[in-house]
Amino acid sequence: MEKIALFPGSFDPFTNGHLDIVRRGAELFDQLIIAIGHNSQKQRYLPLPWMLEQLTQLFSTDARISVRSYEGLTAEFARQQGARYLLRGLRNTLDFEYENAIAQGNRHICPDLETVFLPPTPALAAVSSTIIRDIHRHGGDVRTLVPFELPARP
Ligand code: ADP
């Protein structure tokens with residue numbers, strides 16, 4: 001049976017840290033679905049259709065990787081996609097508290113869904129969407145932190 005993993009996140013924006021998790025995750029599973037979560041209660045920094053388009057282009061030559069967006073429960077979307085694994089990155093103890101709580105919640109909803117954590121590559125451990133948004137918002141250069149050029153400040 002094919003091993004399908006979902007890599008869910010806000011990806012606002014998708015960073016070189018996320019890219020590292022995707023590349024390494026793609027070696028572990030047969031199919032990896034990058035799933036951009038849409039939360040209608042939360043205002044994004046960069047529009048979801050733009051991010052979807054960038055990621056679709058970025059991974060267009062790799063048949064193992066696909067990109068989708070979803071709304072609602074991650075575990076439910078994973079089930080719809082036939083994914084039995086959730087892939088997440090674990091950078092530090094703060095991530096652990098948050099990620100562990102989410103993983104337990106997902107297990108509660110869907111006992112067959114296994115969460116798999118990858119530690120960051122050390123050089124990318126400090127790369128976060130929050131920091132990139134802050135730098136970009138104030139006109140700083142983020143080109144070495146993201147795998148595509150960001151649009152002019154929103
Ligand atoms: P969310 O809003 O769901 O936390 P993010 O887009 O911020 O989504 O992150 C998605 C996943 O990527 C999370 O598991 C996060 O811990 C992981 N991640 C973010 N940055 C890095 C990084 N630099 N290295 C490894 N994992 C990372």
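The values are calculated or read from the model by the stated rules, or taken from the named source; none is laboratory data. Because the structure is a prediction, the values reported are computed rather than measured. Quick reminder, even Gly has a Cβ in these numbers, built from the backbone with ideal geometry, and neighbours come from all protein chains shown. When the accessible area is computed, the model is the full protein with side chains, heavy atoms only, and any ligands, DNA or RNA have been set aside. Shrake-Rupley method; radii C 1.70, N 1.55, O 1.52, S 1.80 Å.
Listed values, structure above:
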{"item": "Inter-centroid distance (Cα atoms) of the range 115-145 relative to the range 94-110, Å", "result": "22 Å"}
{"item": "Within the chain, helix-based [θ] at 222 nm, where runs of 4 or more DSSP H residues each add -39,500 (n - 2.57), nearest 500", "result": "-11000 deg cm²/dmol"}
{"item": "Apportionment of accessible area to carbon and sulfur, the chain, percent (1.4 Å)", "result": "52 percent"}
{"item": "For the chain, size of Cβ-based charge dipole, Lys and Arg +1, Asp and Glu -1, in debye", "result": "180 debye"}
{"item": "Longest site-free stretch - the chain; sites: GluC sites (Glu not before Pro), DSSP loop, at most 11 other Cβ within 10 Å", "result": "28-148"}
{"item": "Sites matching trypsin sites (Lys or Arg not before Pro) across the range 70-154 that sit in DSSP coil, with at most 10 neighbouring C-beta atoms within 10 Å", "result": "ARG143"}
{"item": "Dipole in debye (nearest 20) - the range 94-154, about Cα centre, beta carbon charges: Lys, Arg +1; Asp, Glu -1", "result": "300 debye"}
{"item": "Surface accessible to a 1.4 Å probe, per residue, for the residues of the chain, Å²", "result": "57 Å²"}
{"item": "Sum of side-chain charges, ARG107 neighbourhood, beta-carbon under 14 Å (Lys, Arg +1; Asp, Glu -1)", "result": "-1"}
{"item": "Unit Cα scatterers, Debye sum, the range 23-154: log10 I(q)/I(0) for q = 0.13, 0.17, 0.18 Å⁻¹", "result": "-0.65, -1.17, -1.32"}
{"item": "Accessible surface of TYR85 - all protein chains present, 1.4 Å probe, nearest 10 Å²", "result": "40 Å²"}
